[in-house]
Amino acid sequence: MVVEYGNQIANHSQSHSNFLPYLTPEQIVDDYKSAEQAIRNATGLSPRFYRAPHGKVTPWMRHALHSQGLILVGWDYSPHDWVNPGVEELTRRVVNAARPGSIILLHDGLDLNENPDKSQLIQALPAIIEQLQAQGYRLVTVAQLLGEKPYF
């Protein structure tokens, strides 16, 4: 399982809808719970961290998800890797944007597109990691960064 390799699983919604933040609190919680059930069925884990689709959060969405005990997590930089800017440019963007405590948004897919082109990201990751570590950065999970337990 992916967790056995040191990775962390979080909830990102069931629908991944642009409109999710504008639904009622009950609908937002239903969407979260649907995703949480799928994650639990697949992994046996119930994540505490939630990243809103497209980074969009309304006050009532924040309140609804906090009422479920979730910790909302965002990012401070997106290199727009899905547009495939080139391996060197992607590496440059990430390395130049990194700051202590940064959360960099990278994609392993793009919405519901089947077989998105991830080749540039895959090629850039070793250089990104190497360069960040050479600058003294230590790559950690969100749980380590925040000092929180990742699962209920």
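Is it the case that residue 108 is outside the structural domain of residue 9 (by TED's automatic domain parsing), acidic (Asp, Glu), out of contact with any Pro (no Cβ under 6 Å at 6 or more places or on another chain) and under 26 Å from residue 30 (Cβ atoms)?
Working: outside the structural domain of residue 9 (by TED's automatic domain parsing): yes; acidic (Asp, Glu): yes; out of contact with any Pro (no Cβ under 6 Å at 6 or more places or on another chain): yes; under 26 Å from residue 30 (Cβ atoms): yes.
It is true that residue 108 is outside the structural domain of residue 9 (by TED's automatic domain parsing), acidic (Asp, Glu), out of contact with any Pro (no Cβ under 6 Å at 6 or more places or on another chain) and under 26 Å from residue 30 (Cβ atoms).
Kindly indicate the residue of the range 10-34 that is crowded, with 18+ Cβ neighbours inside 10 Å and within 19 Å of residue 148 (Cβ to Cβ) and also farthest from the chain's Cα centre (by Cα) among those meeting that condition.
The residue in question is 32.
In the range 114-126, which residues are part of a helix (DSSP H, G or I) and within 23 Å of residue 8 (Cβ to Cβ)?
Answer for the range 114-126, where residues must be part of a helix (DSSP H, G or I) and within 23 Å of residue 8 (Cβ to Cβ): 121, 122, 124, 125, 126.
Out of the helices (runs of 4 or more DSSP H) lying entirely within the range 1-113, which hold 2 or more residues that are of a type in the set (S, T, N, Q)?
Counting at least 2 such residues, we get 25-43, 87-97.
In the range 60-104, how many are surrounded by 15 or more Cβ atoms within 10 Å (Cβ to Cβ), more than 18 Å from residue 140 (Cα to Cα) and among the hydrophobic types (A, V, I, L, M, F, W, C)?
Selection size over the range 60-104: 7.
Check residue 99 against each of (1) more than 17 Å from the chain's Cα centre (by Cα); (2) touching a residue at least 24 places away in the same chain (Cβ under 8 Å) and name the one condition it does not meet.
(2)
Is it the case that residue 88 is on the phi < 0 side of the Ramachandran plot, at pLDDT 95 or above and outside the structural domain of residue 132 (by TED's automatic domain parsing)? It would help to see each step written out before you state the result.
Values: on the phi < 0 side of the Ramachandran plot: yes; at pLDDT 95 or above: yes; outside the structural domain of residue 132 (by TED's automatic domain parsing): no.
Judged against the criteria, residue 88 is not a match.
The values are calculated or read from the model by the stated rules, or taken from the named source; none is laboratory data. Predicted, not measured: the structure shown is a model, and the values here were computed from it. Note: ideal-geometry Cβ built from the backbone for every residue, glycine included; neighbour counts use all protein chains shown.
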